[in-house]
Amino acid sequence: MNALYFISIGLFDEKDMSLKAMEVARECDTLFAEFYTTKINTTKEKLEKLIGKPIRFLSRKEVEEKYKEIILNEAKTKKVGLLIGGDSFVATSHIILRSEAMKQNILTKVIHGSSIISAIAETGLHIYRFGPCVTIPFPEKTKGKLPESVYEVIKMNKSRGLHTLCLLDIVAEEERYLTPNEAMKILLEIESKRKENVFTDSSEIVVFSKVGSEKPLLIFDKVKNLMKKEIKEYPSVLIVPGTLHFTEKEYLMLTSTN
């Protein structure tokens, strides 16, 4: 049956694929993959060997601008799978793609996978105490302007006692990943301009890296101490805690690697 399948791979590498994801991928006539929305520690060769089919890797432009001719035209007559890191619908571009497919009367199905949105609970922070998340962009993405909207979300969350998950920007085609240190520097620059005591040297913060791997990195410390370290592990996220429950702080102190 012709259809478009959104096949989530999961958090860290190709081994995070569920049995259902694997089964559906092997049944597809055509397989595409995109890894510009998240970093997956795998290669085209590893995925093709695991699934047993050729896979065409797509760029951001191909998925977001040329999806009609590349993906949807195929899905009108074939069973097409799009392999996606993490969970398919954490990235809004995939929602747009599915909406367009439905408008063209193309059957769509979703195979969910593990995502950073749920995996952050490994830090010990209570998942229901997170507010809206943000993405901290590379400076060139905002044409040199500080992303004050990010600061505003953190401020709002903190005023409500809620934690903020900060995703870090990536440019997959260039294999560039915003580091925790770069992200903290951006937030400190906004703080120095606004002086609202939202993100300072004395703020406590969580760095969570290589999530889903055998040795994830979890650091809980003050910003001024973290800025003295060079955290190169990726993919990474920052979490700006709101009001910490005593069980959350106890768990962070027990599991932090610093």
Q) Taking R0 as 30 Å, what's the FRET efficiency between VAL171 and ASN73 from their Cβ-Cβ distance, rounded to 0.05? A) 0.60
Q | Given LYS15/LYS66; LYS141/LYS222; LYS53/LYS109; LYS158/LYS249, the pairs whose alpha carbons are separated by over 25 Å | A | LYS15/LYS66; LYS141/LYS222
Q. For q = 0.11 Å⁻¹, what log10 I(q)/I(0) does the range 117-255 give under the Debye formula with an equal point scatterer on each alpha carbon and no solvent?
A. -0.36
**Q.** Read-out semi-axes √(5λ) of the Cα gyration tensor in Å, derived from the coordinates shown; its label in [x] 36, 20, 16; [y] 40, 22, 20; [z] 37, 25, 17
**A.** [x]
Q. With +1 on each Lys and Arg Cβ and -1 on each Asp and Glu Cβ, how big is the dipole of the range 23-141 about its Cα centre, in debye rounded to the nearest 20?
A. 140 debye
(Q) For a distance above 18 Å, tell me the whole-number percent of Cα pairs in the range 22-69 that qualify. (A) 34 percent
Q: Please work out the Cα center distance from the range 49-90 to the range 153-220, rounded to the nearest Å.
A: 31 Å
Q | Cα radius of gyration and Dmax for the range 216-258 (Å) | A | 11.0, 30
Q: State, to one decimal in nm, how far the label point of TYR128 lies from the label point of GLU23, with both points 7 Å from Cα in the Cβ direction.
A: 3.3 nm
**Q.** Within the chain, helix-based [θ] at 222 nm, where runs of 4 or more DSSP H residues each add -39,500 (n - 2.57), nearest 500
**A.** -8500 deg cm²/dmol
Q.
Can you tell me what percent of all Cα-Cα pairs in the range 62-140 are more than 21 Å apart?
A. 43 percent
Q | Segment MET227-LYS193, extension gain: residue separation times 0.36 nm, minus the distance between their alpha carbons | A | 10.4 nm
Q. Any idea what log10 I(q)/I(0) is at q = 0.21 Å⁻¹ for the range 3-114, Debye with uniform C-alpha scatterers and no solvent?
A. -1.14
Q | Unit charges on C-beta of K, R, D, E only; dipole of the chain, Debye | A | 300 debye
Q. Any idea which of PRO139, LEU168, ILE127 is furthest toward the positive side of the dipole for the range 116-210, if Lys and Arg beta-carbons carry +1 and Asp and Glu beta-carbons -1?
A. ILE127
Q | Using a Förster distance of 30 Å, the FRET efficiency for VAL110-LEU50 (Cβ separation, nearest 0.05) | A | 0.90
Q: With r as the distance between the Cβ atoms of THR257 and MET156 and R0 = 41 Å, compute the FRET efficiency 1/(1 + (r/R0)^6) and round to 0.05.
A: 0.85
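A short reminder: the numbers here are calculations on the coordinates, not readings from a lab. These figures come from a predicted structure and were not determined experimentally. For neighbour counting, all protein chains shown are included, and Cβ atoms are generated from backbone atoms with ideal geometry for every residue, glycine included.
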